[in-house]
Amino acid sequence: MGLVSSPDTKHYLFSDLYTHVNMSNAITFDEDAQAAGHDEADDDKKYETPVPFEVAPGDTIPFREGYILFKSVTKVDHIQNIPIAAGDAAIGANLEVVSHGKTYRAQPVYMIKNGSAFDFARKVDEAGLKFRFSKVIPAKNKFEITLYQQPPSQRKWIVMRAIQFPYINFLWSGTIIMVIGILLSIFRRNKELKTV
């Protein structure tokens, strides 16, 4: 049925607050479309052209809505369900994303297993970002972090309407007092008519 206006209410002593979602692209009703979104190649299409950055610990990477601080590199003991043998190595880049006054953390991983290099991307969906720890550059003592940004049209958003009714309890109490007054006047009038 799509979005149906079904307000939620919150009652306070001096006001009531009614809220409901008007529009959103964050709510999908097609389960097949959701299931199809798990492929890595399809996922990369949701982002703009990736940009690689050569950084060292302490460097910052600017992006459209904030910046990323490359804090440090740490050894990773396990990656999902992949066993790390004695000759393998895995390191993670500790990133701190600052966007619109909020801070998020991400740790993309770079792994060497059986002589081959692999990287494991990490996302920060709230900021519309994805990171790959794509390369280690020992000659420069730097690391390559590849940044993927979602275009603004792909970002998830909602439009929520909130209506506040101030002093609504006074309105209801006035209505109740008025009804009680009308009933009392009817009883008194009936009593006066009986005595006459």
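The values are calculated or read from the model by the stated rules, or taken from the named source; none is laboratory data. All of these numbers come straight from a predicted model, not from anything done at the bench. So basically every Cβ, Gly included, is an ideal-geometry build from the backbone, and we count neighbours across all protein chains shown. For accessibility, only protein heavy atoms count, side chains too; no ligands or nucleic acids. Shrake-Rupley method; radii C 1.70, N 1.55, O 1.52, S 1.80 Å.
The amide H of V76, built 1.01 Å from its N in the peptide plane, has A90, I91, G92 as neighbours under 5 Å, considering only residues 5 or more places off or on other chains.
Here the Karplus relation 6.51 cos²θ - 1.76 cosθ + 1.60, evaluated at θ = phi - 60°, turns the backbone of segment 55-69 into coupling constants of 9, 10, x, x, 7, 10, 10, x, 9, 3, 10, x, 8, 10, 9 Hz, with x for every Gly and Pro.
Ignoring ligands, DNA and RNA, please state the percent of accessible area on segment 50-118 from carbon and sulfur, probe 1.4 Å.
Details: 2170 of 4010 Å².
C and S fraction of accessible area: 54 percent.
Out of the total accessible area of segment 131-187 (probe 1.4 Å, heavy atoms of protein only), what percent is carbon and sulfur?
On the way: 2870 of 4140 Å².
Carbon-and-sulfur percentage of accessible area, whole number: 69.
Between the Cα long axis of helix 168-195 and the first principal axis of the chain there is an angle of about 20°, rounded to the nearest 10. Along each principal axis, taking the top coordinate minus the bottom one, the Cα set of the chain gives 112, 39, 33 Å in descending order. Dividing the summed -39500 (n - 2.57) terms of all DSSP H runs of n ≥ 4 by the residue count of the chain sets its mean residue ellipticity at 222 nm at -6500 deg cm²/dmol.
Per the Kirkwood treatment, what hydrodynamic radius in Å, one decimal, follows for segment 117-196 from the mean inverse distance over all distinct Cα pairs? The partial results should precede the final answer.
Working: mean 1/r = 0.0498 Å⁻¹.
Averaging 1/r across every pair of different Cα atoms and inverting gives 20.1 Å.
Starting with the highest mean, order 51-64, 108-121 by the number of other Cβ atoms within 10 Å, averaged over the residues of each peptide. Can you show the working numbers first?
Working: 51-64: 13.6, 108-121: 15.1.
Put in order of decreasing packing, that is 108-121, 51-64.
Comparing N94, F131, G181 along the charge dipole axis of segment 65-196, the residue lying farthest to the positive side is G181, per the Cβ-charge model.
Which whole-number value in Å² is the accessible area per residue of the chain, probe 1.4 Å?
Details: 13660 Å² over 196 residues.
Result: 70 Å² per residue.
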